[in-house]
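To start, the structure itself, in structure tokens.
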Amino acid sequence: MGKALAEKFNKSKCYAMNITHKKNLLQTSYKMGDTILETVTNHTYLGVEINNKLSWANHIQKVTSKGNQILGLLRRNLYSCSAEVKSVAYKTLVRPRLEYCASIWDPYQKDYKLQLEGVQRRAARFVLNNNKRKESVTKMLSQLEWEPLEHRRAAQRLTLLYKSVNKLIAVDTSHYQSKVQGVTTRKQASTAFVKIPALKDCYKYSLFPRTFAEWNRLSPDVREAPSLGTFKTKLQAVNIGDVIKGAHFKN
């Protein structure tokens, strides 16, 4: 890196990370100007902890721990409030932390999904003031009309892809689309995506390969929604659970 450019950065806050699954990694060092950067295996960037193996375990542990901490704070301070107030507090102060940038780190492993859902299940008991062990938390979630966090993350990813397809964000995915001759531009913009081959699960279940498969399961009526608001409305009527199963699990 050029010296003039390096001087514009705070070198003490800059690190180097080698992202790879290789067991025998060639040891290298990186410089910024005359300063050798510290090599790290984990680092938080814009609120998301990135790992050199592309594992989101540490990040998920952090967000669930923080979510539980805030939930404990609400439990201590809002114990006498109505269920409506408690529900708003959860949706405002806890759930956003569990979903921040979730399009990127949305886990596919069952353990991590259960870890995140566990925060919401505890929140349901808190909102309804029901800590009886034999009571069904699933029924509580149904009573509150809270959909699984896994489904919300999938909807978040699909919405992001809709924005990309319709040029609402500067992320081009058109080269992954399966083009169909003799159709309008709008139709071309909503054609199915090609399947991306992947040998590693960390890539297979990353944002685009995973979401492309789910997008292809949506009906043309949903994919071709004329506006973002209409797309979100139509997506709410879709059974996201069936979309996920159809995209990733064979009968």
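The values are calculated or read from the model by the stated rules, or taken from the named source; none is laboratory data. Remember, it's a predicted structure, so these values are computed and weren't measured experimentally. Note: ideal-geometry Cβ built from the backbone for every residue, glycine included; neighbour counts use all protein chains shown. To get the accessible areas, we keep the full protein, side chains included, count just its heavy atoms, and leave off ligands, DNA and RNA. Shrake-Rupley method; radii C 1.70, N 1.55, O 1.52, S 1.80 Å.
Set the Förster radius R0 to 35 Å, insert the Cβ-Cβ distance between SER178 and LEU26 as r into 1/(1 + (r/R0)^6), and round the FRET efficiency to 0.05.
On the way: r = 39 Å, r/R0 = 1.10.
In this case the efficiency is close to 0.35.
Counting helices only, and only those DSSP H runs with n ≥ 4, report the 222 nm mean residue ellipticity of the chain as the sum of -39,500 (n - 2.57) divided by its residues, in deg cm²/dmol to the nearest 500.
Calculated mean residue ellipticity at 222 nm is -14000 deg cm²/dmol.
Calculate what fraction, in whole %, of the accessible area of the stretch 102-251 sits on carbon and sulfur atoms when a 1.4 Å probe is rolled over the protein chains.
51 percent
Just reorder ARG223, ARG75 by solvent-accessible area, largest first, 1.4 Å probe, all chains present.
ARG75, ARG223
From the square roots a ≥ b ≥ c of the eigenvalues of the alpha-carbon gyration tensor of the chain, which class results: rounded (a/c under 1.5), prolate (a/b over b/c), or oblate?
It is oblate, given that a/c is not under 1.5 and a/b is not larger than b/c.
Using the heavy atoms of the protein chains alone and a 1.4 angstrom probe, what is the accessible area of the stretch 204-251 per residue in square angstrom?
Value returned for the stretch 204-251: 55 Å² of accessible area per residue.
Going by the alpha-carbon gyration tensor, a ≥ b ≥ c the square roots of its eigenvalues, is the stretch 66-165 rounded (a/c under 1.5) or, if a/c is not under 1.5, prolate (a/b greater than b/c) versus oblate?
Prolate shape, in that a/c is at least 1.5 and a/b is the bigger ratio.
So who's got an amide H within less than 5 Å of the one on PHE193, skipping anything under 5 residues away but keeping other chains? H placed 1.01 Å off N, in plane.
Amide H neighbours of PHE193, under 5 Å, 5+ apart: SER178, ASN216.
Report the residues of the stretch 138-166 in range of a label on ASP242: point 7 Å along Cα→C-beta, backbone N strictly under 18 Å from it.
Counting only backbone N, you get 147-148, 151-152, 154-155.
Please name whichever of ASN130, VAL119, THR41 sits farthest to the positive end of the charge dipole of the stretch 39-141, dipole taken about the Cα centre and charges placed at Cβ: Lys and Arg +1, Asp and Glu -1.
So the residue furthest toward the plus end is ASN130.
What residue among HIS175, HIS59, HIS151 has the largest mean-square fluctuation in a Gaussian network model of the chain, using Cα springs under 10 Å?
It is HIS175.
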